[in-house]
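One structure is given below, encoded as structure tokens.
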Amino acid sequence: MNLIVLDLEWNQASGTRSNPLVPFEIIEIGAVKVNSDWEIEDEFAGLVKPLLYPRLHFKVREMLGYNENYLKKGKPFYSVCREFLKWCGESYRFVTWGEPDLEQLQRNMEYYGVKKLPKPLLYYNLQAIYGRACGLSAACSLEEAAERFGIPADRPFHRAINDAWYTARILQAMGPEQVLDDYTFDTYNNPKNREEELRRQTGDLYQYISREFSDKRNVVRDKEVMAIHCPLCRARVGKKIKWFANNHSVYYCGGKCRSHGYFGGKMKFKSTLSGKVYIIKTLKLTDETGFRALKERQESLRIRRRERNKRQKMLEKKGSDN
């Protein structure tokens, strides 16, 4: 199986109304093929002539350093994309630096009538893998990672083929031992029913992607979805921090397994274009310090909510007195 290291550049509306189906139109597809021996085998560079947003947004123009006349040399997206998928071959898995590329690729494919990618779609988010390997708390830029590995900046960044090449070089530097077991699921075509739900166990990390629910209330009523269990042995726990909201779309939890110790959990609520809801839940081992930090975050949020409600009541009382 080959690894297809993918990078995209896209444009957005500039002075015109954005299309909700394709808020970002792809204008470059760049990819590097890495074979099973971890060698760079081939490169693909495709320039797309945009149809939805032919005028470059000023930020995109500034970042890429070219203009509309250059884009006119490109071919329609459906043509470039079909060439790209043919170039990928029969057996491959995508590697990206971050999450958005595969979503935008599939949005553009659907809009322009290109055959869908297989489902479920497994891929490697090298930015996240690199961050976990280095113990980073925030996402690292491609430039920073390349510099850390001593990869010469011989090509300009922020061009699809060049960024794909730098990502491939970082992939090579990290090696298969750090990467191959750390795949994730793309959720553009998310599970629609219980049979399609996705579960993954990798090391001390457990990931679950639920089926669709009609609304958020039905999600939190589902005992299986809201269950808190050890990410290793799946045992339910006694000592735990119940799910609490960090904001309207992200919840956290924590627990302690008798056999494997402390763990923390995160649940993200995602909305579909049809208005339904599904969740991505991850559970990961931590230590007592991490568990305590979760507890402190829960208490801090509780205090802030209490103060906010108190202020709201005071304002309402003041308004009624007037």
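The values are calculated or read from the model by the stated rules, or taken from the named source; none is laboratory data. Because the structure is a prediction, the values reported are computed rather than measured. Cβ placement follows ideal geometry from the backbone for every residue including glycine, while neighbour counts extend to all protein chains displayed.
Filter the stretch 25-50 down to the residues that are more than 22 Å from residue 104 (Cβ to Cβ), of a type outside the set (Asp, Glu) and assigned to a loop (DSSP other than H, G, I, E, B) and list them by number.
35, 36, 38
Determine which member of the set 317, 284, 239 is of a type outside the set (Val, Ile, Thr) and closer than 27 Å to residue 183 by Cβ.
284
Kindly indicate whether residue 80 is crowded, with 18+ Cβ neighbours inside 10 Å, in contact with a strand residue (DSSP E or B) (Cβ under 6 Å, 6 or more places away or on another chain), of a type outside the set (Asp, Glu) and at pLDDT 95 or above.
yes
Check the stretch 236-244 and report whether any residue there is modelled with pLDDT under 90, closer than 21 Å to residue 210 by Cα, among the charged types (D, E, K, R) and assigned by TED's automatic domain parsing to the domain that holds residue 213.
Yes - at least one qualifying residue is present in the stretch 236-244.
What pairs come up if the first residue lies in the stretch 213-226 and is in contact (Cβ under 8 Å) with a residue 12 or more places away in the chain, the second is loosely packed, with under 15 Cβ neighbours inside 10 Å and outside any helix (DSSP H, G or I), and their beta carbons are under 8 Å apart, counting only those six or more places apart or on different chains?
Hits for this filter: 213/222.
Looking at (1) among the hydrophobic types (A, V, I, L, M, F, W, C); (2) in contact with a helix residue (DSSP H, G or I) (Cβ under 8 Å, 6 or more places away or on another chain); (3) not in a strand (DSSP E or B), find the lone condition where residue 293 falls short.
(2)
Only one of 232, 198, 205, 171 is closer than 14 Å to residue 284 by Cβ, in contact (Cβ under 8 Å) with a residue 60 or more places away in the chain and aliphatic (A, V, I, L, M). Can you tell me which?
Details: 232 fails: in contact (Cβ under 8 Å) with a residue 60 or more places away in the chain; 198 fails: closer than 14 Å to residue 284 by Cβ; 171 fails: closer than 14 Å to residue 284 by Cβ.
Unique residue meeting the criteria: 205.
From 49, 33, grab the single residue that is at pLDDT 95 or above, touching a Leu at 6+ places or on another chain (Cβ under 9 Å) and over 28 Å from residue 124 (Cα atoms).
49
Only one residue in 157, 185 is within 26 Å of residue 41 (Cα to Cα), outside any helix (DSSP H, G or I) and not assigned by TED's automatic domain parsing to the domain that holds residue 20. Which one?
The conditions single out 185.
Give just the number: which of (1) touching a Pro at 6+ places or on another chain (Cβ under 8 Å); (2) at pLDDT 95 or above; (3) of a type in the set (A, V, I, L, M) does residue 168 not satisfy?
(1)
One line per residue, one yes/no per condition, for (1) in contact (Cβ under 8 Å) with a residue 12 or more places away in the chain; (2) touching a Ser or Thr at 6+ places or on another chain (Cβ under 6 Å); (3) surrounded by 13 or more Cβ atoms within 10 Å (Cβ to Cβ):
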residue: 55; (1), (2), (3): yes, yes, yes
residue: 95; (1), (2), (3): yes, no, yes
residue: 112; (1), (2), (3): yes, no, yes
residue: 125; (1), (2), (3): yes, yes, yes
residue: 131; (1), (2), (3): no, no, yes
residue: 145; (1), (2), (3): yes, no, yes
residue: 149; (1), (2), (3): yes, no, yes
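Taking the stretch 51-66 on its own, how many of its residues are out of contact with any helix residue (DSSP H, G or I) (no Cβ under 8 Å at 6 or more places or on another chain) and not in a helix (DSSP H, G or I)?
Result for the stretch 51-66: 5.
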